[in-house]
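Asks: I have a structure I would like to understand better, so I am pasting it below and will then ask my questions one at a time.
We did not get these values from a lab; they are worked out from the coordinates using the rules stated. What you see is a predicted model, and the numbers here were worked out from it, not measured in a lab. Neighbour counts are summed over all protein chains in view; Cβ atoms, including those assigned to glycine, are modelled from backbone coordinates with ideal geometry.
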Amino acid sequence: MFRTHSLLVAVLVLGVIHPTAVQAQLVDLRSVPVASGDQFLIYPSQRLGMGSPSIALTDRWQDPFVNPAKGAALTESAFFVSPTFYGISGDNGGGKTLPLAVLFTGSDWFGGGTVAIQQIENREQQTSVIFWDRMMCCWPQPQPQRLDEGAARNVYLHTLAGRRLNESVAFGASLAYASIGAVDGVDLLYQGSDGVDESGHLVDARVGLSGKDSRDGDFELLLLYHRLDMRHDIRYIEWRWIEEEMRTELFVRDQTEWDDSRSWGVHGAYDRPIAAEGWRAGGLLTVNRKDHPKIPNYALQNIPRDPGESWAFEMGMGLSKSTGPLQVGLDVVLEPIWSQTWSVLDSTVVRPDSSHLKPGDNELENEFFFRNVHIRFGIGRDAERWGVQLGLLANSYGYELEQFNNVDRSRRQQDESWMEWTPTWGANIRFPEVEVRYSGRLATGTGLPGVDFVGARAKSFAGADFIVAPSGPLTLQDVHVLTHQITVSLPIR
């Protein structure tokens, strides 16, 4: 059963390692309520304090980084500095990010880019060395953490460019690259380890189309490709009992794992004014195809892992109202997701009925059906010199798991569900030369999950924003994530 615990962990990168700004194009797959932080909140946003409604409400700062063709809506060029800080309660880590962004627009061409450096602070761990006294007994002694154990560095690059094809339609393309030294929460995947060193990169490529129709409706189409390639070097320190000598011996074991995941997606959206003045309504449809050619072995034993595949859909409707300085936005999004994973045998197995399974045959098969619902609501007042915002994100996650064991021909089912609530707030002050905007959010309902097992095979498991096939009911150690972002916008005139 250990082999199923991490078979789906490769989709960690589909939710966690992609910026919050593009969640509508990369559907987030999760089967545990992990508090993974806002590591990828690296783009400026006008709507973050409102809960980020986006279907029928524009965000001129953030939209070009989501769909590069939407840079055609820029009215002026600007430079942005957006320092962002987040922390997970209970000394469970945090992060600091300094993004620099620029957006420019001309008569026909537009474009922009982002560069960001980031420090990820690991969860506090009590490291130790072994001290031998005169009686040949050993005692763990506290030792300061090495520099690479206390924090890790990430670097993000993003460039985009586009052209207005005519007065109504624009085309754009973007390319993002990140050098990843740590993904928040991956250390939890290797419970019992003394340290995990991560290294790798991600690539995200997009092409988009946007425009207006004769009824003042806005439409967009986006195609994307996303890939993550990571290496995990894990160190285990274990005590082993030597029967012949009647003593214990300290043993250090190193293990290397690879994580390779790929996603293809298509996204379309449309919104337009409705009868009442100031009201707009819209809808979106997103389809993701996800492959995981290489999945790490997160269990302690070195058993090969095998790929999985998923189809994820997102269908949403949005409503907004703009009256003078007052703006209200509401999004309701449904996410049906089908996911299949499997593990294969690396040796011949004899079933209880004396039949055989050969190497390469499926040992375990997992089928997930997700039924997620997301609601984003916000209200803001943006006067000439100042503005305030309030918002709320409500995320309902639920799934059914059906697992079949081909060795003993057993079948089991499991249902899990939970809610996550994230209140948001913000304020801004505007001068002719500069605008300063603050946004905050507090994510609750997440935590450090595990699995409640019964019997001698009890084993806890925790991870960061991924789906796994749990072998028992989920448990949760509650924590919350508090995030602050300050954005300074300087017009380029």
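Asks: List the residues of the stretch 365-396 whose backbone N lies under 20 Å from a point placed 7 Å from the Cα of V407 along the Cα-to-Cβ direction.
Replies: Taking a point 7 Å out along Cα→Cβ of V407, the residues of the stretch 365-396 whose backbone N falls under 20 Å are 365-367.
Asks: So, R0 is 22 Å and r is the distance between the beta-carbons of W264 and R371; what FRET efficiency does that work out to, to 0.05?
Replies: Using R0 = 22 Å, I get an efficiency of 0.45.
Asks: Now, a different point. So, by mean Cβ neighbours within 10 angstrom, what's the order for 253-259, 479-485 with the highest one leading?
Replies: 479-485, 253-259
Asks: Straight-line reach only, C-alpha to C-alpha below 26 angstrom: list the lysines that K358 could link to, leaving out same-chain residues fewer than 8 apart.
Replies: K358 reaches K294.
Asks: Order the peptides 97-105, 42-50 from the highest to the lowest mean number of other Cβ atoms within 10 Å of their residues.
Replies: Top to bottom by mean Cβ count within 10 Å: 42-50, 97-105.
Asks: Taking 51 Å as R0, compute the FRET efficiency from the Cβ-Cβ separation of S355 and S417 and round it to 0.05.
Replies: 0.85
Asks: Give me the lysines in straight-line cross-link reach of K321: C-alpha distance below 17 Å, same-chain residues under 8 apart excluded.
Replies: none
Asks: Along the stretch 67-73, what does the Karplus equation 6.51 cos²θ - 1.76 cosθ + 1.60 (θ = phi - 60°) give for ³J(HN,Hα), rounded to whole Hz, x for Gly and Pro?
Replies: Listing the rounded values in order: 10, x, 5, 6, x, 5, 7 Hz.
Asks: When we measure straight from the Cα of K70, which lysines land under 18 angstrom away, once same-chain ones fewer than 8 places off are left out?
Replies: Here the lysines satisfying the reach criterion relative to K70 are K212.
Asks: Fully extended, how many nm does the chain gain between E238 and I486 (0.36 nm per residue separation, minus their Cα-Cα distance)?
Replies: Full-extension gain reported as 84.8 nm.
Asks: Computed FRET efficiency, Cβ-Cβ of A427 and S199, R0 60 Å: what is it to the nearest 0.05?
Replies: After rounding, the FRET efficiency stands at 0.95.
Asks: Post the alpha-carbon centroid distance, the stretch 331-402 to the stretch 162-220, in whole angstrom.
Replies: 20 Å
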